[in-house]
1. Restricting to Cα pairs below 8 Å that are 6+ residues apart, what does the relative contact order work out to for the stretch 97-156? Please round to a whole percent.
2. Given the options Leu42, Leu71, Leu55, which has the most mean-square fluctuation in a GNM of the chain, springs set between C-alpha atoms less than 10 angstrom apart?
3. Report, to the nearest 10°, how far helix 141-153 tilts away from the longest principal axis of the Cα atoms in the chain, using its own Cα long axis and a range of 0 to 90°.
4. Hey, could you get me the Stokes-Einstein D for the stretch 1-131, Kirkwood radius over alpha-carbon pairs, 25 °C and 0.890 mPa s, rounded to whole µm² s⁻¹?
5. When we measure straight from the Cα of Lys145, which lysines land under 29 angstrom away, once same-chain ones fewer than 8 places off are left out?
6. Determine the sum of side-chain charges near Ala65: Lys and Arg each +1, Asp and Glu each -1, restricted to other residues whose C-beta is under 13 angstrom from that of Ala65.
7. Per-residue ellipticity at 222 nm for the chain, helices alone: DSSP H runs ≥ 4 residues times -39500 (n - 2.57), over residue total, nearest 500 deg cm²/dmol?
8. For the stretch 164-211, what is Rg from Cα atoms divided by 2.2 N^0.38 Å, rounded to two decimals?
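Every read-out reported here was derived from the displayed coordinates using simple, explicitly stated rules and does not represent laboratory data. Treat the numbers as computed from the prediction; the structure is a model and nothing was measured. In this analysis, Cβ positions are derived from the backbone assuming ideal geometry, glycine residues included, and neighbour counts consider all displayed protein chains.
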Amino acid sequence: MPQSGRSDPLEPLIRVEGITKRFRGVAALNGVGFSVRAGEVLGLIGPNGSGKTTLFECLAGVLPADAGRVLHQGRPFSAADRSTLLFYLPDAIAPWPAQRTRWAIEFVVDFFGGSRSALADVIHRLGLDPFLDVPIGQLSKGQRKRALLAMGLLTTQPVLLADEPFDGLDLRQSRELAVALRDAAARGRTLFLSIHQIADAARVCDRFVLLSGGTVCGEGTRGELSSLAAAKGLKTAADLEEVFLALT
């Protein structure tokens, strides 16, 4: 960041440089680097075991990286300070399982200083009205996923990291969630989504980071990735699945 304290408008909101994480000598992440732009929906695409969850945990400060750094508007940003910028929504968790869904969502809104005025709209968009009096621990996988996403969308941090937000949702629910996520981005929220199903990523994301074996294999818009795949021999203007396969 310039000495004047004013951020460079060309500098991405977040820049990740050389993030490496090893478990018992095996590299789960190997020199990962990419950028996150303010107000975009960025998709992290990769198969199971590619390092997506490990990367999110390192970015959120839940898991210490062995090497690399995270920059916020060009300035190093410590793991301890990231909770002011990032809200991390892990996959497959069930917080406060004995508490009713309504209580859990309202608690998160109040704890993080979210807007009560947006509560009813988010609940309605995600189809949670019939489940508000059901304990979190009794929700189905898809219902619990939508409840957690409501909590994430109602938090105040500028960036939402969501691990597998579409997991457990049917086609209609996935499309409704995509609309809700796009609306959040249109209001200025930056979304970084880890997505296993490429069709879901293509529906909602502006740009993509392709991760395979703990390494970034491509970053860019769908058109930019298609051009990169063409340079590597992909002969047709293929869909995103074919582009991913060509680059990994």
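1. Working: 64 pairs, mean separation 31.6, N = 60.
Normalised by residue count, the contact order of the stretch 97-156 is 53 percent.
2. Leu71
3. Approximately 80 degrees, to the nearest 10.
4. 141 µm²/s
5. Lys21, Lys52
6. Details: positive: Lys21, Arg22, Arg69, Arg82; negative: Glu17, Glu57, Asp66.
In short, +1.
7. Working: 8 runs with 81 residues, N = 248.
Helices in the chain give a 222 nm mean residue ellipticity of -9500 deg cm²/dmol.
8. On the way: Rg = 10.3 Å, N = 48, 2.2 N^0.38 = 9.6 Å.
Output field value: 1.08.
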